[in-house]
Amino acid sequence: MARAIRLARLGLFTTDPNPRVGCVLVRTGEVVGEGYHRRAGEPHAERNALTAAGGQARGATAYVTLEPCCRQGKTPPCTEGLLTAGVRRVVAAMVDPNPLVAGRGLETLKAAGVAVQVGVLAAEARALNPGFIKRMSQGLPYVRCKLAASLDGRTAMASGESKWITSEPARRDVQRLRARSSAILTGIGTLLADDPALDLRLGAEELPGMRPGEQIRQPLRVLIDSRLRTPANARMLGLPGTTLIACPEGQAPSDVMRLEAAGAQVYVCAGREGRVDLASLLRDLARREINEVLVEAGPTLAGAFLEAGLVDELVLYLAPHIMGDAARGLFRLPGLERMQDRIELTIRDLRMVGPDLRITAVPVEAARG
């Protein structure tokens, strides 16, 4: 199963919106075939492993990181392929959270006389697909909030100057976070201050599991702009991929037409007090099959996501310098006035990225879940 999980990771940057899945076929103690799901619309991990094994799949055990599918989608059901090949035992790390499968694949195999076991390295398997799991189980994408700051927690000088806080290795690490994300989200304040591109600038050869020269998927760019102040010449509007500008009702038709003519998709969604309702926006993104959202925003929007309990994971890059108490902070959280109001975090990972420290943390409530 550990080998199957390593194989599944090779699809980290390519399977979206499908889950990352690996499969290993073992017969009489020898690996006879293995495979992983590379891209939506292409064969699933089990099918690739069966193709590699050929006739040796008969009587084998299949170790797969996610319950085999039992329904016809863009590809045939994997349960059908396993049964036709004569696999005698299936070990699945976890049940598929997709309500259209959710145990039915395993029951189909059991009914056909295949021995089934589930739960081997389940935590590791779940870590492969946090977005897919949350979208299927809760109707929401997994939200990862990325921030960069000085050692004293400052994200920009008082003047707004912020390039560059972190090192080149840290910025390339952020590119890998973008590559695994379904969407990158920011706010109008960040756009007006920095005019970010929010694009993916890595080559295929820099992403494990991708073939040299293979086309890289650009994540959906989501801009929250409650009053449609986005300039028509904003950098992100002229780049490959799609930019979705989210706003509440009541916008001037001329502003909508102006931005659509510049290449944006203007999306009118639920609002609250003249602002985009963040939870409603995330539900809408989940309906668009968005698994993982990377928030790259300033302190106001980042603070709003955190205060609303919508952040699943924080990735903070701390650079080894001091910017002073007049510089801008990480989050705008005006409601935190007493120690008991603190937002508690659990640190999941600490590591150096070049000269910078990367901290991965989750809110305590999310950690308990």
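So is A193 at pLDDT below 90, in contact with a Gly (Cβ under 9 Å, 6 or more places away or on another chain) and loosely packed, with under 15 Cβ neighbours inside 10 Å or not?
Taking the combined requirement at face value, the residue satisfies it.
R38 is checked against (1) touching a Ser or Thr at 6+ places or on another chain (Cβ under 7 Å); (2) closer than 30 Å to R176 by Cα; (3) buried (at least 24 other Cβ atoms within 10 Å of the Cβ) and fails just one. What number does that condition carry?
Condition not satisfied by R38: (3).
Exactly one condition in (1) under 22 Å from the mean Cα position of the chain (by Cα); (2) over 23 Å from S137 (Cβ atoms); (3) without any contact (Cβ under 8 Å) to a residue 40 or more places away in the chain is false for C69; which is it?
Of everything listed in (1) under 22 Å from the mean Cα position of the chain (by Cα); (2) over 23 Å from S137 (Cβ atoms); (3) without any contact (Cβ under 8 Å) to a residue 40 or more places away in the chain, C69 misses just condition (2).
Restricting attention to the range 238-259, does a residue exist that is acidic (D, E), more than 27 Å from the chain's Cα centre (by Cα) and under 30 Å from A158 (Cα atoms)?
The answer is no; no qualifying residue exists.
Return only the number of the condition from (1) assigned to a strand (DSSP E or B); (2) on the phi > 0 side of the Ramachandran plot that Q117 does not satisfy.
Unmet for Q117, out of (1) assigned to a strand (DSSP E or B); (2) on the phi > 0 side of the Ramachandran plot: (2).
Yes or no: G131 exposed (fewer than 15 other Cβ atoms within 10 Å of the Cβ), modelled with pLDDT of 95 or more and within 24 Å of the chain's Cα centre (by Cα)?
Spelling it out, it is not the case that G131 is exposed (fewer than 15 other Cβ atoms within 10 Å of the Cβ), modelled with pLDDT of 95 or more and within 24 Å of the chain's Cα centre (by Cα).
Return the residues of the range 66-103 that are charged (D, E, K, R) and surrounded by 21 or more Cβ atoms within 10 Å (Cβ to Cβ); say none if nothing qualifies.
Residues satisfying the conditions are E67, D96.
Find the residue count for the range 137-161, including only residues that are polar (S, T, N, Q) and in contact with a helix residue (DSSP H, G or I) (Cβ under 7 Å, 6 or more places away or on another chain).
Counting residues in the range 137-161 that are polar (S, T, N, Q) and in contact with a helix residue (DSSP H, G or I) (Cβ under 7 Å, 6 or more places away or on another chain) gives 1.
Among L278, L223, L306, L282, which is at pLDDT below 95 and under 20 Å from the mean Cα position of the chain (by Cα)? Reasoning before the result, please.
Working: L278 fails: at pLDDT below 95; L223 fails: at pLDDT below 95; L282 fails: at pLDDT below 95.
Going through L278, L223, L306, L282 in turn, just one is at pLDDT below 95 and under 20 Å from the mean Cα position of the chain (by Cα): L306.
Would you please name the residue that is farthest from S167 (Cα to Cα), looking only at residues in the range 316-334 that are of a type outside the set (A, V, I, L, M, F, W, C) and touching a helix residue (DSSP H, G or I) at 6+ places or on another chain (Cβ under 9 Å)? Give the derivation first.
So in the range 316-334, the residues of a type outside the set (A, V, I, L, M, F, W, C) come out as 317, 320-321, 324-325, 328-329, 332, 334.
Going one step further and asking which of them are touching a helix residue (DSSP H, G or I) at 6+ places or on another chain (Cβ under 9 Å), we end up with 317, 328-329, 332, 334.
Details: Y317: 10, R328: 19, G329: 19, R332: 25, P334: 30 Å.
Of everything passing the filter in the range 316-334, P334 is farthest from S167 (Cα to Cα).
How many residues does the range 101-114 contain that are in a helix (DSSP H, G or I) and among the β-branched types (V, I, T)?
Residues in the range 101-114 being in a helix (DSSP H, G or I) and among the β-branched types (V, I, T): 1 in total.
Of everything in the range 330-359, what is in a strand (DSSP E or B) and surrounded by fewer than 16 Cβ atoms within 10 Å (Cβ to Cβ)? Give them in sequence order. Steps first, answer last, please.
Taking the range 330-359 and keeping what is in a strand (DSSP E or B), we get 345-353, 356-359.
Answer for the range 330-359, where residues must be in a strand (DSSP E or B) and surrounded by fewer than 16 Cβ atoms within 10 Å (Cβ to Cβ): T346, I347, R348, D349, L350, R351, M352.
The values are calculated or read from the model by the stated rules, or taken from the named source; none is laboratory data. Note that the coordinates shown come from a computational prediction; the quantities given were computed from them, not determined experimentally. Every residue, glycine among them, receives a Cβ derived from its backbone with ideal geometry; neighbour counts consider all protein chains shown.
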